[in-house]
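The values are calculated or read from the model by the stated rules, or taken from the named source; none is laboratory data. Quantities reported herein were computed from a predicted structural model and do not represent experimental measurements. Backbone-built Cβ (ideal geometry, glycine too); neighbour counts: all protein chains shown.
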Amino acid sequence: MSEITGGELLVRCLHAEGVRFIHGITDGTYMMVIEALERLGEELGIRLIVPRHEAAAAHACDAYTRVTGDPAVVMACAGPGAANLVAGLMCAEAEGSPVIAITTSRRSDISDSYVHQGGMQVSRHLDIFRPAVKWNGKVDHWARIPDMVRHAFRVATSGRPGPVHILIPENILGQRCEADAVSIWSADTYRVIEPAGYDPECIHRAAELLAEADLVNIHCGNGAERANAGHEIRELAEHLGAAVTNTIRARGIISDEHPLCFHPTCLSRIMANSQADVVLAVGTRLGELNMWGRPPMWGEPQNQRLIQVDTEPTHIGLNRPVDIPLLGDAAVVLSHLLDAVKRIAPQKEAHPKIAEFRAVQDDWRKELDEAVADLERSPMLTGQILTVCNEFFPADAIFVMDGGNTTLWNIHYHVPKTPRSVMYSMNYGHLGTGLPYALGAKLARPDKAVYCVTGDSAFGFNMQELETAVRNNLPVIIIVAVDGAYGMEKTAQRRMFGREADWFGHDHAPVRYDQVAVAMGCHGEFVSKGSEIKPALERARASGKPAVIHAEVDPAANVDPPGNWLWTAARTGKLEM
């Protein structure tokens, strides 16, 4: 019989879950995990990804789970490493991403319950992490490592997915015991891998309601994206002649160019939401950015029927009364719903109101396009970056957004065409996720182009991860829209002060982000006009390196970006029609 360390046991448990990457900064408290990865990583197909900051590691895991649909693993050391990790996990929790966080504590005889005695890097990990995760627990015995790993993955992937946290003292990771004293189970033997489950009676009732409806609106949220339900949504919409709308997080669930799809920040979307007599809400709680599912963005509940699809029972009827609940994975539920609708009713033509919505959106789009038509303007408008990128990158490229007002430009001008192609911290609005998201997406899909358009303020939070990109050969392209300020806070200051004023506390010292990138081993470019973007992108791609394009944008225009009125309405709860 052979003995193995707790570190090797943990690595073998993660291998049984299909884990390909462990993100973490190497540390003495889990050196036995590092030793096992050095010795067994190639054999088990697990690679260590070492970031420059733990929050960035959690963000990369967040993006990885969105692109693949699989859980991702991040580790952090006792004390400061764990503290850094919390911010990334709070973001993952808000977005519903199954990130498995493993933190170490100092040895059992001085940690946790003995904080008051003054041990170095000793803190109350379980208490600190608990509000940021779905579940957390501590491994108190070497033999319980497999049980705790299984429970962590089970909780992270069940219902509404989300992050979980395991705490393991360093002495347990270093402990040696007989390998055959415990059992390691493959994932498919103890948790649901293939999505399943639906109520046939509810499916039939929902199908009848949809078939009998005059105008249907299919509204998609995070859960639709996580389930990769774009095919089912498109087919159901085409059969019903229904309008499709989505949250910002679910953009690309069907192509923005599809004639039944309406943009989340255009009045056409509000018209579809409010005028439909039946709404099929797929994987959304109808939260704040959906105006809580209430009028005037939506119809009155007594007049507008609601069918709600979600994996999490507590989300059903959360913010608006529901007529028919459909509990289960969105792709599975919609597949059965589509079959049922086809049995009941023939395919319908697009509803006449669709043409009205389309006319409104076409006029809106024309106005947006005219605003960015002059590519010789200097400094450029942020929207010009997106118009060039739409043409330059392939349809299946993964696009990452980050920043405040920069994201409003991104939302208006980026045209997503494929599912799981847009990465953004919608529910948390967490600055600094852009570059780490891009790295996580590139790890998940190295075959796809990955690019990020970020504001300079957001980029400053985690730009140290450029070195991580170089070291791991992750050739992402980062375009930094530089207005030299916290632009969205200028917008808020103007709104709250109600007057023009010198900006208070919002401006940055000048930084050349392309030169910072070159110093870190990346390719760098500087542009100030829209006409310069495409050649810069071509050189960036040809370099084969991670690249940063410093794009000077108009700081005055950035104070009042497109869609600012809708953002303000959502944040204040006051939508005027």
How about the stretch 290-302: which of its residues are in a loop (DSSP other than H, G, I, E, B) and either modelled with pLDDT of 95 or more or not polar (S, T, N, Q) (or both)? 294, 295, 296, 297, 298, 299, 300, 301
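Output yes when any residue across the stretch 207-227 is assigned to a loop (DSSP other than H, G, I, E, B), in contact with a strand residue (DSSP E or B) (Cβ under 9 Å, 6 or more places away or on another chain) and more than 25 Å from residue 292 (Cα to Cα), and no when none is.
no
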Only one of (1) farther than 23 Å from residue 227 by Cβ; (2) in contact (Cβ under 8 Å) with a residue 40 or more places away in the chain is not met by residue 294, so which one is it? (2)
Matching residues, the stretch 346-401, being touching a helix residue (DSSP H, G or I) at 6+ places or on another chain (Cβ under 8 Å), within 21 Å of residue 556 (Cα to Cα) and in a loop (DSSP other than H, G, I, E, B): 372, 374, 375, 376, 377, 379, 381
Restricting attention to the stretch 355-370, the residues that are touching a residue at least 24 places away in the same chain (Cβ under 8 Å) and over 14 Å from residue 263 (Cβ atoms) number exactly 1
Of the conditions (1) among the aliphatic types (A, V, I, L, M); (2) closer than 30 Å to residue 135 by Cβ; (3) in a helix (DSSP H, G or I), the single one that residue 203 does not satisfy is (2)
Considering only the stretch 304-332, state which residues are modelled with pLDDT of 95 or more and in a loop (DSSP other than H, G, I, E, B). 304
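For (1) outside the structural domain of residue 465 (by TED's automatic domain parsing); (2) under 23 Å from residue 82 (Cα atoms); (3) among the hydrophobic types (A, V, I, L, M, F, W, C), each residue gets a yes or a no:
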residue: 9; (1), (2), (3): yes, yes, yes
residue: 21; (1), (2), (3): yes, yes, yes
residue: 24; (1), (2), (3): yes, yes, no
residue: 29; (1), (2), (3): yes, yes, no
residue: 36; (1), (2), (3): yes, yes, yes
residue: 43; (1), (2), (3): yes, no, no
residue: 46; (1), (2), (3): yes, yes, yes
One residue from 432, 521, 460 being of a type outside the set (D, E, K, R), under 30 Å from residue 64 (Cα atoms), in the same structural domain as residue 422 (by TED's automatic domain parsing) and not in a loop (DSSP other than H, G, I, E, B): 460
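Out of 67, 86, 115, I need the residue that is part of a helix (DSSP H, G or I) and at pLDDT below 80. Which one? If you could, list the steps in order and put the result at the bottom.
Numbers: 67 fails: at pLDDT below 80; 86 fails: at pLDDT below 80.
Every option except 115 fails the conditions.
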Would you pick out the residues in the stretch 240-260 that are part of a strand (DSSP E or B) and without any contact (Cβ under 8 Å) to a residue 40 or more places away in the chain? 244, 245, 246
Could you grab me the full set of residues in the stretch 493-517 that are assigned to a helix (DSSP H, G or I), hydrophobic (A, V, I, L, M, F, W, C) and either in contact (Cβ under 8 Å) with a residue 24 or more places away in the chain or not assigned by TED's automatic domain parsing to the domain that holds residue 385 (or both)? 516, 517
What are the pairs, 6+ residues apart or on separate chains, where a residue within the stretch 420-436 that is touching a residue at least 24 places away in the same chain (Cβ under 8 Å) and within 18 Å of residue 246 (Cβ to Cβ) has its Cβ under 6 Å from a residue that is hydroxyl-bearing (Ser, Thr, Tyr) and surrounded by 23 or more Cβ atoms within 10 Å (Cβ to Cβ)? 423/437; 425/433
Any idea how many residues of the stretch 470-511 are touching a strand residue (DSSP E or B) at 6+ places or on another chain (Cβ under 6 Å) and modelled with pLDDT of 95 or more? 7
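Can you tell me which residue in the stretch 462-489 is farthest from residue 403 (Cα to Cα), limited to those that are among the acidic types (Asp, Glu) and surrounded by fewer than 24 Cβ atoms within 10 Å (Cβ to Cβ)?
Looking at the filtered set, the residue picked out is 467.
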For the condition assigned by TED's automatic domain parsing to the domain that holds residue 209, closer than 27 Å to residue 565 by Cα, at pLDDT below 95 and in contact with a Leu (Cβ under 9 Å, 6 or more places away or on another chain), what is the one hit in 286, 280? 286
Given (1) at pLDDT 95 or above; (2) in contact with a Leu (Cβ under 9 Å, 6 or more places away or on another chain), where does residue 447 come up short, assuming only one miss? (2)
The listed residue being within 25 Å of residue 347 (Cβ to Cβ) and either assigned by TED's automatic domain parsing to the domain that holds residue 141 or among the acidic types (Asp, Glu) (or both), out of 178, 225, 238: 238
Residue 237 passes all but one of the listed conditions (1) in a helix (DSSP H, G or I); (2) aliphatic (A, V, I, L, M); (3) in contact with a Pro (Cβ under 9 Å, 6 or more places away or on another chain); the exception is number (3)
With the requirement that a residue be crowded, with 16+ Cβ neighbours inside 10 Å, assigned to a helix (DSSP H, G or I) and more than 22 Å from the chain's Cα centre (by Cα), what does the stretch 148-197 give you? 148, 149, 150, 151, 170, 171, 172, 173, 174, 187
Would you call residue 340 surrounded by 20 or more Cβ atoms within 10 Å (Cβ to Cβ), outside the structural domain of residue 398 (by TED's automatic domain parsing) and either of a type in the set (Gly, Ala, Ser) or under 27 Å from residue 62 (Cα atoms) (or both)? no
Going through the stretch 261-289 in order, the residues found to be touching a Gly at 6+ places or on another chain (Cβ under 8 Å) and in a loop (DSSP other than H, G, I, E, B) are 265, 276, 277, 283, 284, 285, 286
Can you confirm whether the stretch 55-62 contains a residue that is touching a residue at least 60 places away in the same chain (Cβ under 8 Å) and assigned to a loop (DSSP other than H, G, I, E, B)? no
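Rundown of residues vs (1) surrounded by 22 or more Cβ atoms within 10 Å (Cβ to Cβ); (2) not in a strand (DSSP E or B), yes/no style:
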position	(1), (2)
525	yes, no
536	yes, yes
542	no, yes
549	yes, no
552	no, no
556	no, yes
566	no, yes
